[in-house]
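A short write-up of the structure that comes next.
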Amino acid sequence: MPDSDTGAPPRVVLVTAAALAVALAVAVAVFALTRPSADETATGPLALVPVPAPDAGSPACTTLLGAAPTELTSNGKQLKLRELASPAPPATMAWGEPDALVLRCGLNRPPELTPSAQLRLVNKVQWLQVPGEGASTWYVVDREVYAALTVPDSAGTGPLQEISDAVAAKLPARPLRFS
């Protein structure tokens, strides 16, 4: 019942409303402080979409993935090998969080590989860069199998160099194939 002199609500209603407002503010603050950050929500197994990889089971892919490092260096930061969610595409590895670098082996010849394509030689390995939105995919084009390393635009050149070293050490170079 309102205070007859001022028309204000009873004191108990005002105290209850103030207590509810404080409780709501505390709940919002606790939620904001305890919810996972964007980096924490990116952890865990990485789900990847399968792509055609007819040679994923080849000895060359087994050799390459066995030689790939368990950590890559990107912009001075160590990127650890990342677990892949089941079912994981065959002959695939990934490093780093939240933006992962992904190595796939046994792929089809990239359609962008033409006699006039611009290639880049990195540590004795010829790569074809295919830019994408937010990342580029680099294809190894001078070995018996095609492999691709997808690299976020924020990554440095270290991962490409380290994967080149593994490719050069384990898979012999061969002439380019355009068909």
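The values are calculated or read from the model by the stated rules, or taken from the named source; none is laboratory data. The model shown is predicted, which means the values in this text are computed figures rather than measured ones. Heads up, the Cβs are rebuilt from the backbone with ideal geometry, glycines too, and the neighbour counts pull from every protein chain shown. All accessible areas refer to the heavy atoms of the entire protein, side chains included, with ligands and DNA or RNA removed. Shrake-Rupley method; radii C 1.70, N 1.55, O 1.52, S 1.80 Å.
Would you tell me the accessible area of K80, worked out with a 1.4 angstrom probe on the heavy atoms of the protein chains, in Å² to the nearest 10?
That residue has around 130 Å² of solvent-accessible surface.
What is the stretch 58-158's relative contact order, in percent, from Cα pairs under 8 angstrom and six or more apart in sequence?
25 percent
Please report Rg over Rh for the stretch 81-179, where both radii come from the alpha carbon positions and Rh follows the Kirkwood definition.
0.95
From the C-alpha coordinates alone, can you work out the Kirkwood hydrodynamic radius of the stretch 55-133, in Å?
With all distinct Cα pairs of the stretch 55-133 included, I get 14.5 Å.
As a test of reading the structure, rank E133, E162 by solvent-accessible area (1.4 Å probe, protein chains only), most first.
E133, E162
At a 10 angstrom cut-off on C-beta neighbours, averaged per residue, how do the peptides 119-129, 138-148 rank from highest to lowest?
The most tightly packed comes first, giving 138-148, 119-129.
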